[in-house]
Amino acid sequence: MKNKILPFSVIIIFGIIFFIFYKGLEDSKIYTPDVNTKKEIPVFNTKEFFSGENVKSSSIFELDKVYLLNIWSSWCVPCRQEHPLLMNLNLENKLNIIGMNYKDNLKNAENFLKELGNPYKEIFIDLDGTIAIEWGAYGVPESFLIYNNEIIKKYIGPLNQELVDEINLFIK
Amino acid sequence: MLFPLSIINAEENDKRNKITKNLRCLICQGQSVYDSDSEFANSLKIVVDKKLQEGLSEDQIYEYFKTKYGEWILYDPGLNKNTYILWLLPILIFLIGGAIIYKSFIVKK
């Protein structure tokens with residue numbers, strides 16, 4: 001009797017291990033960032049883009065308003081692609097678009113806005129990329145939909161018409 | 001990367017290297033923040049320096065990045081409901097193996 005319990009338990013244990021690893025095969029191997037969790041927006045101090053004056057995050061984002069924070073840079077090619085969409089969103093005037101200028105040369109950034117237009121209600125500067133880290137951002141371009149000082153949704157990469165439609169649904 | 005001389009302090013540098021080696025560069029493939037020279041990794045290194053200067057401990061810094069980017073950013077995952085098998089399986093196998101050896105060799109005698 002004793003001799004039978006041992007092989008039996010070994011088989012069961014290997015069965016369990018096999019099951020666990022088999023289940024693990026179904027998981028995605030590609031890292032997908034969590035884009036749907038609601039998070040409080042970070043508190044930070046920075047400089048305003050045009051005036052160079054110090055600004056606090058609390059003076060940029062007010063309660064009860066919808067904001068789209070867009071991280072952009074003049075050296076970022078996909079930012080150029082999504083820029084017309086931001087211009088359109090701004091024309092519809094349903095939400096406030098805030099720009100975060102990421103690791104940029106200010107002269108180039110100004111030329112970028114002169115060339116393509118300025119959809120931003122306010123722009124602040126992130127010279128060393130640390131504010132983007134506070135936001136949990138990965139790089140440029142990236143956009144955050146914000147309501148009541150909470151991040152409702154995160155868009156990693158350039159916006160497209162589909163995503164803009166989704167944003168419009170949120171605003172309604 | 002250049003740092004002001006006052007910051008170059010061997011102990012702090014070691015700590016910074018240790019922490020950045022345990023942080024995953026999320027936009028690179030299979031590289032730690034320490035190894036990577038991407039924009040993301042470089043900014044992250046600055047943030048680690050800032051946090052160290054603010055007097056945060058290693059664990060507090062990991063916790064900070066975990067709240068920003070999730071558990072995936074850590075190379076050394078903690079014990080939780082997603083990772084307990086990872087932690088307990090080797091111990092379990094060791095115990096079962098030991099029991100088998102004990103039963104088949106020692107008890108037989």
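The table below lists the values:
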quantity	calculated
Pick from the stretch B:58-82, criterion within 12 Å of chain A (Cβ to nearest Cβ) and surrounded by fewer than 13 Cβ atoms within 10 Å (Cβ to Cβ), ranking: modelled with the lowest pLDDT	B:82
Verdict on residue A:147 being of a type in the set (Phe, Trp, Tyr), touching a residue at least 60 places away in the same chain (Cβ under 8 Å) and either surrounded by fewer than 18 Cβ atoms within 10 Å (Cβ to Cβ) or under 25 Å from residue B:40 (Cβ atoms) (or both)	no
From the options A:120, A:155, residue that is over 14 Å from the mean Cα position of the chain (by Cα), crowded, with 16+ Cβ neighbours inside 10 Å, at pLDDT 90 or above and of a type in the set (Phe, Trp, Tyr)	A:120
The stretch A:20-51, subset within 11 Å of chain B (Cβ to nearest Cβ) and at pLDDT 85 or above, residue surrounded by the most Cβ atoms within 10 Å (Cβ to Cβ)	A:42
Condition met for residue B:98 (small (Gly, Ala, Ser), within 14 Å of another protein chain (Cβ to nearest Cβ) and farther than 30 Å from residue A:75 by Cβ)	yes
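The values are calculated or read from the model by the stated rules, or taken from the named source; none is laboratory data. Note that the coordinates shown come from a computational prediction; the quantities given were computed from them, not determined experimentally. Reconstructed Cβ throughout: ideal geometry from the backbone, glycine too, with neighbour counts over all protein chains shown.
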